[in-house]
Each structure stands twice: as structure tokens, then as C-alpha cells.
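Take a look at the structure below.
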Amino acid sequence: MPKSHSTTILSVRHGDRVAIGGDGQVTHGDTILKSDTRKIRPLLDGQVLVGFAGSTADAFALLERFESKLKDFPGNIPRAATELARDWRTDRVLRRLEAMMIVIGETDSLLVTGNGDVVQPADGILGIGSGGQFAVAAARALVAHSDLETAEIVRTALGIASEIDVYTNDSIVVEELACGN
């Protein structure tokens, strides 16, 4: 059975803003199934934004679990993410889920995986999915060598990734939050 490839997600924390964006392409094997999927979801009335890569059904199951953890640990995104990662790694059903998430809030940018990883990047830039590393490289260059606003850095870097990675398209959605620090 062909493997599904479904996205590129990028988050950039720069200046007093943080933005997260994703492309819209979902493929199965060598076939594009959909070109305008929305892979960025707001949680807690837009205070937290989550981008996901991997199996869509698995990602939605994880989003529901994560939202529950956010309610259990209000205002503490790292603790909620750590609890989700622990459950994801140890629960028999959850450990079979194939997805990754980038979670952003006013002060936090986190990569959350099923291996139990909760990683906060040193430079504020995270990318996941098939074109994630292309987008990260482009974002790092844009942060260092341009005067673009944060959301535009994300949009431009995802556009560059879409020109390199066949599983990433240029139907890009970007959401932005103001930072508290």
C-alpha cells in the first residue's frame, strides 16, 4: 500500500510575533487527493495554534487529546504537551498513531512527537512534514537576511519548500499570534 504524505508545517518566532503555516496538499502514493486542506487548528479560543503532519485521522485524535490536556493544565502549554507525549508514547492505542505536531502559544513553540519528544527550538524555528527541513532552511535565511514580518517569512519559506518538495503545494495558510516576551 502506498504511503500517504500529507504536509509541510512551519513555525517561526521572530520579534514580537509567532506564526505557523502549512500547505494544503494531501497525497497518497503518487496521487494528489486534495490541494486545499487546512492543517492549522486553533485551540482554547485561538490562544494556542497547532499544526499537524501525518495521518489526518491520527492528528485529529491527538488534537482532541491535546486540547483536553490544555484544559487540565491551564496556561501551561509545555506541561500539557509533555503529558500528551507521555501518553502518546506509553498508551497501546495512541503509540500507533502516525503524526507530529507543532504547538505555539504566546510564549511557547514546541515540537511534539509520538516518541515522547517535546522540543523547544533554540532559534524559534520548527518544521515538520515532507518539506519541513526545506522550509526551516528557507526561514532561517529569511530571518537572518530580510526585513520581512514573521507571517511573511513563514509564507515565503513555505512557498520555497513547495518549489522543492513534490508533497508540498503553494496553497498556504498562515496564522499569527502576538508574543508575550
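General remarks:
- Estimated FRET transfer efficiency when R0 is 25 angstrom, pair Val93-Gln120 (beta carbons, to 0.05): 0.35
- Remark: segment 73-81, residue by residue, has Karplus-estimated 3J(HN,Hα) of 10, x, x, 10, 4, x, 5, 4, 5 Hz, where x stands for each Gly or Pro and the curve is 6.51 cos²θ - 1.76 cosθ + 1.60 at θ = phi - 60°.
- For the chain, the 222 nm mean residue ellipticity estimated from helices alone, with every DSSP H stretch of n ≥ 4 adding -39500 (n - 2.57) and the total spread over all residues, rounds to -11000 deg cm²/dmol.
- In terms of surrounding Cβ atoms within a 10 Å radius of their Cβ, Ile164, Ile9, Ile153 rank from fewest to most as Ile164, Ile153, Ile9.
- For the chain, the fraction of C-alpha pairs farther apart than 26 angstrom is 25 percent.
- For segment 25-40, 3J(HN,Hα) per residue [Karplus equation, 6.51 cos²θ - 1.76 cosθ + 1.60, θ = phi - 60°, Hz, x = Gly/Pro]: 8, 10, 10, 9, x, 9, 10, 7, 8, 7, 10, 10, 6, 9, 10, 10
- Applying the Karplus relation 6.51 cos²θ - 1.76 cosθ + 1.60 with θ = phi - 60° to segment 128-138 yields 3J(HN,Hα) values of 9, x, 4, x, x, 6, 5, 5, 4, 4, 5 Hz, where x marks Gly and Pro.
- With the biggest extent put first, the Cα atoms of segment 1-72 measure 40, 30, 15 Å across the principal axes.
No lab work stands behind these numbers, since they all come straight from the coordinates. Please read these numbers as outputs of a predicted model, since none were measured by experiment. Cβ: placed from backbone, ideal geometry, glycine included. Neighbour counts: every protein chain shown.
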